[in-house]
Amino acid sequence: MSTAEPILLTPGPLTTSSRTRQAMMVDWGSWDDRFNQLTASLCEQLLAIINGADSHHCVPLQGSGTFAVEAAIGTLVPRDGKVLVLINGAYGKRLAKICEVLGRSFSTFETAEDEPTTAADVDRLLRADASITHVALIHCETSTGILNPLADIAHVIEQHGKRLIIDAMSSFGALPIDAQDVPFDALIAASGKCLEGVPGMGFVFARKEALASAAGNSHSLAMDLFDQHTYMAKTGQWRFTPPTHVVAALHEALLQYNEEGGLPARHQRYANNCQVLLEDMARLGLRSFLPAAIQAPIIVTFHAPKDPRYQFKEFYERVKAKGFILYPGKLTQVETFRVGCIGHVNQAEMHAAVAAVAEVLREMEVIDI
Ligand SMILES: Cc1ncc(COP(=O)(O)O)c(C=O)c1O
């Protein structure tokens, strides 16, 4: 049994660097200039990642990722708007649930969990229903790790004169998205994902004109991104108590992101992690659920062994005792488990994690894989 804290191979919260954790050892005054400067610098650096300083505002929001997704839909979709929700997993279903709870009119288009939505699908759907005003898409559907073809879909939506809202929670910072090439009204992500901060805040890149015309849309005071942005632009402060330590940790994580080489380097490290994981697991006979062409280097879903001696709970506990935290599967039809490629980990940790999986399967006498 390892005495160190286990390594999280999960899609966030994830393993952070000690430098990032250390940045939380300071208490910040939320009205203090130094903290306001930290927030401003954070937003500026986040906008730079998508090349969005000229076209978009970065609006940070307290809470988990879902809070930011709900705030984006509630703020940017007018009350008489209609959202086409593209679904191929649990987070797509959550987008539809948000529309339902907010009372926004919506329709859904669902493909299988191993089938990306295509631009042709979206083109057909938009031709068929002129009342749609917005399309909501998950970039990397974390429930499997599938990647949807964002740029192609975004261009079709633009050709139809409709608006795009992107949940890029698990892809932002690792997979390239350029706001000058990919037209969107909102792109949503959070602190504790590929930027390797800690969880506690989300942020929405909102197209400047779209945000400027969004006054009064929101169903909620606390989740109103128009208000949040207007107040922050005027005062430099968050409207309500900010997650100060989370902001400081994310700021420190961004310094390391840039030192590492920014997005290309982050992408490469995760792609290497993913490749090591897939190759080493394949040697054990463990097959990934998705074909390589649609697998994002973020999280991999593996088919669980068929052997009745395999039980996820025991497998999980035994792998944890060897120093690695895995993630349960999220599919309803097939039994799976997931392993994240993101966080402050590299190929050495991925090799070690699969070695731990191999030992555990031997201990459990699982042979039918
Ligand atoms: C694609 C996607 N959307 C949204 C979320 C937001 O989830 P939460 O509110 O748990 O941070 C996640 C979290 O992993 C995600 O992967």
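Here are some notes:
- Angle in degrees between helix 150-159 and the longest Cα principal axis of the chain, rounded to the nearest 10: 30
- By the Cβ distance rule of under 4.7 Å, the chain has these cysteines without a partner: Cys99, Cys140, Cys194.
- Computed over the chain, the per-residue total of -39500 (n - 2.57) for DSSP H runs of n ≥ 4 gives a 222 nm mean residue ellipticity of -13000 deg cm²/dmol, rounded to 500.
- Excluding the site residues themselves, the longest part of the chain lacking any GluC sites (Glu not before Pro) in a DSSP loop with at most 16 other Cβ atoms within 10 Å is 1-334.
- Antiparallel DSSP beta bridges within the chain, as percent of all bridges there, nearest 5: 55
- With respect to the chain, whose longest principal axis is taken over its alpha-carbon atoms, helix 119-128 is tilted by about 40°.
- Hits among aspartates and glutamates - C-alpha to C-alpha of Lys208 under 12 Å, sequence gap 8 or more where chains match: Asp54, Asp185
- Per-residue extension of 0.36 nm, minus the Cα-Cα distance of Met25 and Glu363, leaves a gain of 117.6 nm for this segment.
- Cα-based reach from Lys320 at 18 Å (exclusive), listing aspartates and glutamates while leaving out same-chain residues under 8 positions away: Glu5, Glu349, Glu359, Glu363, Glu365
- Ascending count of other beta-carbon atoms within 10 Å, so fewest first, for Ser218, Ser131, Ser105: Ser131, Ser105, Ser218
- The stretch 304-363 and the stretch 38-97: distance between their alpha carbon centers, rounded to Å: 32
- Overall size of the stretch 106-205 from C-alpha positions, given as principal axis extents largest first: 42, 29, 23 Å.
- Each label was represented as a point 7 Å from its Cα along the Cα-to-Cβ direction; for Gln268 and Gln311 these points are 4.6 nm apart.
- For the cross-link pairs Lys193/Lys306; Lys93/Lys234; Lys306/Lys330; Lys97/Lys193; Lys93/Lys313, the ones whose C-alpha atoms lie over 29 Å apart are Lys193/Lys306; Lys93/Lys234.
- Charge dipole (debye, nearest 20) of the stretch 18-258; +1 at Cβ of Lys and Arg, -1 at Cβ of Asp and Glu: 460
- As a rough footprinting exposure proxy, the listed residues Asp121, Asp280 were ranked by other beta carbons within 10 Å of their own, and the order from fewest upward is Asp121, Asp280.
- Residue among Asn148, Asn51, Asn273 with the largest mean-square fluctuation in a Gaussian network model of the chain, springs linking Cα atoms under 10 Å: Asn51
- Per-residue Cβ neighbour counts within 10 Å put Thr10, Thr230 in the sequence Thr230, Thr10, beginning with the fewest.
- Per-peptide average of other Cβ atoms within 10 Å, ordering 167-173, 53-59 highest first: 167-173, 53-59
Each reported figure results from applying straightforward, stated rules to the coordinates on display, with no laboratory input. Quick caveat: nothing in here was measured; it's all calculated off a predicted structure. For neighbour counting, all protein chains shown are included, and Cβ atoms are generated from backbone atoms with ideal geometry for every residue, glycine included.
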